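Reading through the structure tokens given below for one structure.
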Amino acid sequence: MLKLEEKTLKQITIEDNAIAVALFGEAGENLKRLEKKLGVKLDTRGNILSIRGDSQKIQVTEKLVAELCELIKKGYSLHPTDIDYAIRAIETESDVRLTDIFTDTIYISFKKKIISPKSPAQKRYIDTIRKYDIVFGIGPAGTGKTYLAMAMAVAALSKNEVDRIILTRPAVEAGEKLGFLPGDLAAKVDPYLRPLYDALHDMIDYERADKLIERRTIEVAPLAFMRGRTLNDSFVIMDEAQNTTTEQMKMFLTRIGLGSRAVVTGDITQIDLPLAKPSGLVEAQKILEGVEGIGFAYFTEKDVVRHPLVQEIIKAYEGRAKKSSDIEREGG
């Protein structure tokens with residue numbers, strides 16, 4: 001805890017009443033989140049915001065408040081969880097502009113839904129998808145790789161930029177084999193494809209999605225079904241690409257036809273292939289980075305955008321693992 005003499009005070013006057021109300025949040029909820037996350041003390045008197053804390057934390061808070069005010073001024077409706085994303089963005093990249101991130105939108109006309117990036121890495125990712133025909137999104141789970149790619153695909157379909165969406169992933173999970181699962185082929189592969197359906201249904205209602213799937217405007221299939229095909233005028237997403245072999249990755253990439261775009265997502269720290277099999281995603285990263293027309297976007301654990309408690313859970317497990325490791329070293 002800071003000693004009194006170490007604390008300094010900074011006062012910020014917010015000229016616009018509406019901006020001040022939106023910034024402070026209902027019953028000061030946004031300010032409470034800022035206090036908890038940044039370790040400062042915030043007080044308000046009318047439109048004057050007082051910040052107490054050490055000088056470095058005050059500096060970060062002052063920049064964050066200025067950025068949030070500018071965001072609200074642009075018409076952005078600030079949600080309490082946006083505070084968490086904004087703090088993480090500024091802590092990750094001190095010169096970031098929140099308006100560049102949060103006001104960049106992907107419009108999903110099927111649900112009249114607007115999706116926006118929540119971190120500098122997510123912003124770079126969707127910009128990369130806009131720029132390149134083939135994009136690799138690499139990073140841990142929960143960073144929005146598949147979700148944002150799905151949003152871009154659905155938006156492209158709704159604007160008639162592509163004729164269909166194809167969603168695929170390798171049917172490999174922790175060494176399990178399809179033959180040991182019950183049911184026919186569709187039933188066997190369905191659990192592997194379920195995450196793609198989940199993302200799809202978040203953007204297109206079930207009834208419309210089912211009709212699009214029946215008409216094969218949207219196709220969800222295991223990677224093995226891509227062999228021998230040429231995919232023209234399509235937006236193709238391959239998820240869990242770390243579980244492809246080198247041969248499978250080459251097969252997939254060479255399916256891309258005229259007028260098509262592809263996004264390949266994966267987490268190279270979660271490879272479930274047998275140890276003797278190199279990951280097609282790792283190999284592609286080495287072989288294709290620098291090839292003109294192919295873009296790479298990278299994420300870290302700081303870009304995780306799931307429920308705020310996920311961050312706390314990750315920290316708790318990391319702390320437990322570190323403690324166990326320290327005990328083992330001491331015992332050894």
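The values are calculated or read from the model by the stated rules, or taken from the named source; none is laboratory data. Note that the structure is a prediction, hence the values are computed from the model and not measured. When we count neighbours, we look across all protein chains shown, and the Cβ atoms used for this are built from the backbone with ideal geometry, even at glycine. Side chains included, ligands, DNA and RNA excluded: accessible areas come from the protein's heavy atoms. Shrake-Rupley method; radii C 1.70, N 1.55, O 1.52, S 1.80 Å.
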**Q.** Pairs where the first residue, in region 256-281, is within 18 Å of Thr143 (Cβ to Cβ) and the second is among the hydroxyl-bearing types (Ser, Thr, Tyr) and not in a strand (DSSP E or B), C-beta under 6 Å, 6+ apart
**A.** Thr265/Thr146; Ile271/Ser279
Q. Among Ile268, Ile237, which is open to solvent by 10 Å² or more (accessible area, probe 1.4 Å) and of a type in the set (A, V, I, L, M)?
A. Ile268
Q: Considering (1) out of contact with any helix residue (DSSP H, G or I) (no Cβ under 7 Å at 6 or more places or on another chain); (2) touching a residue at least 40 places away in the same chain (Cβ under 8 Å); (3) of a type in the set (A, V, I, L, M), say which one Ile213 fails and leave the rest.
A: (2)
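Which of the following residues is in contact with a strand residue (DSSP E or B) (Cβ under 6 Å, 6 or more places away or on another chain) and closer than 15 Å to Val263 by Cβ: Asp127, Asp133? Break it down into steps so the answer makes sense when it comes.
On the way: Asp127 fails: in contact with a strand residue (DSSP E or B) (Cβ under 6 Å, 6 or more places away or on another chain).
Being in contact with a strand residue (DSSP E or B) (Cβ under 6 Å, 6 or more places away or on another chain) and closer than 15 Å to Val263 by Cβ holds for just one of Asp127, Asp133, which is Asp133.
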Q: Return a yes/no flag: does region 8-24 have any residue that is at pLDDT 90 or above, within 30 Å of Leu309 (Cβ to Cβ) and open to solvent by 60 Å² or more (accessible area, probe 1.4 Å).
A: yes
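I'd like to know if region 225-233 contains one or more residues that are modelled with pLDDT of 95 or more, in contact with a Lys or Arg (Cβ under 8 Å, 6 or more places away or on another chain) and surrounded by fewer than 17 Cβ atoms within 10 Å (Cβ to Cβ). Before you say what the answer is, go through the steps one by one.
First, the residues of region 225-233 that are modelled with pLDDT of 95 or more: 232-233.
After this cut, where a residue has to be in contact with a Lys or Arg (Cβ under 8 Å, 6 or more places away or on another chain) as well, the list is 233.
Filter once more, keeping what is surrounded by fewer than 17 Cβ atoms within 10 Å (Cβ to Cβ): 233.
Looking for residues that are modelled with pLDDT of 95 or more, in contact with a Lys or Arg (Cβ under 8 Å, 6 or more places away or on another chain) and surrounded by fewer than 17 Cβ atoms within 10 Å (Cβ to Cβ), one finds at least one in region 225-233, hence yes.
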Q) Mind checking which residues of region 36-64 are free of Cβ contacts under 8 Å to residues at least 24 places away in the same chain and surrounded by 17 or more Cβ atoms within 10 Å (Cβ to Cβ)? A) Val40, Leu42, Lys57
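Looking only at residues in region 103-120 that are more than 25 Å from Ser260 (Cβ to Cβ) and touching a Phe, Trp or Tyr at 6+ places or on another chain (Cβ under 8 Å), which one is most open to solvent (accessible area, probe 1.4 Å)? Walk me through it before giving the result.
Quick first cut of region 103-120, residues more than 25 Å from Ser260 (Cβ to Cβ) only: 103, 112, 114, 116, 118-120.
Going one step further and asking which of them are touching a Phe, Trp or Tyr at 6+ places or on another chain (Cβ under 8 Å), we end up with 103, 114, 116, 118-119.
Details: Thr103: 65, Ile114: 113, Ser116: 19, Lys118: 42, Ser119: 8 Å².
Ranking the candidates gives Ile114 first.
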(Q) Tell me yes or no: at least one residue of region 50-72 is among the aliphatic types (A, V, I, L, M), in a strand (DSSP E or B) and in contact with a Lys or Arg (Cβ under 9 Å, 6 or more places away or on another chain). (A) yes
Q. Would you pick out the residues in region 90-102 that are modelled with pLDDT of 90 or more and either in contact with a Pro (Cβ under 6 Å, 6 or more places away or on another chain) or open to solvent by 30 Å² or more (accessible area, probe 1.4 Å) (or both)?
A. Arg97, Asp100, Ile101
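Within region 98-153, can you find the residues that are aromatic (Phe, Trp, Tyr), touching a helix residue (DSSP H, G or I) at 6+ places or on another chain (Cβ under 8 Å) and within 26 Å of Glu292 (Cβ to Cβ)? First the steps, then the outcome.
Taking region 98-153 first, the residues aromatic (Phe, Trp, Tyr) are 102, 107, 110, 125, 132, 136, 147.
Right, trim to touching a helix residue (DSSP H, G or I) at 6+ places or on another chain (Cβ under 8 Å) and you get 102, 107, 110, 125, 136, 147.
Tyr125, Phe136, listed by residue number.
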Q.
Quick check on my filter: what residues within region 149-164 are hydrophobic (A, V, I, L, M, F, W, C), over 17 Å from the mean Cα position of the chain (by Cα) and open to solvent by 10 Å² or more (accessible area, probe 1.4 Å)?
A. Leu157
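Picking from Val236, Val220, which residue would you name as being modelled with pLDDT under 95 and closer than 25 Å to Tyr107 by Cα? Show your work before the answer.
Values: Val236 fails: modelled with pLDDT under 95.
Unique residue meeting the criteria: Val220.
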(Q) From the list Leu258, Leu167, exactly one residue is open to solvent by 70 Å² or more (accessible area, probe 1.4 Å), of a type outside the set (D, E, K, R) and either at pLDDT 90 or above or outside any helix (DSSP H, G or I) (or both). Which is it? (A) Leu258
**Q.** Test result for Lys118, within 30 Å of Val236 (Cα to Cα) and assigned to a helix (DSSP H, G or I)
**A.** no
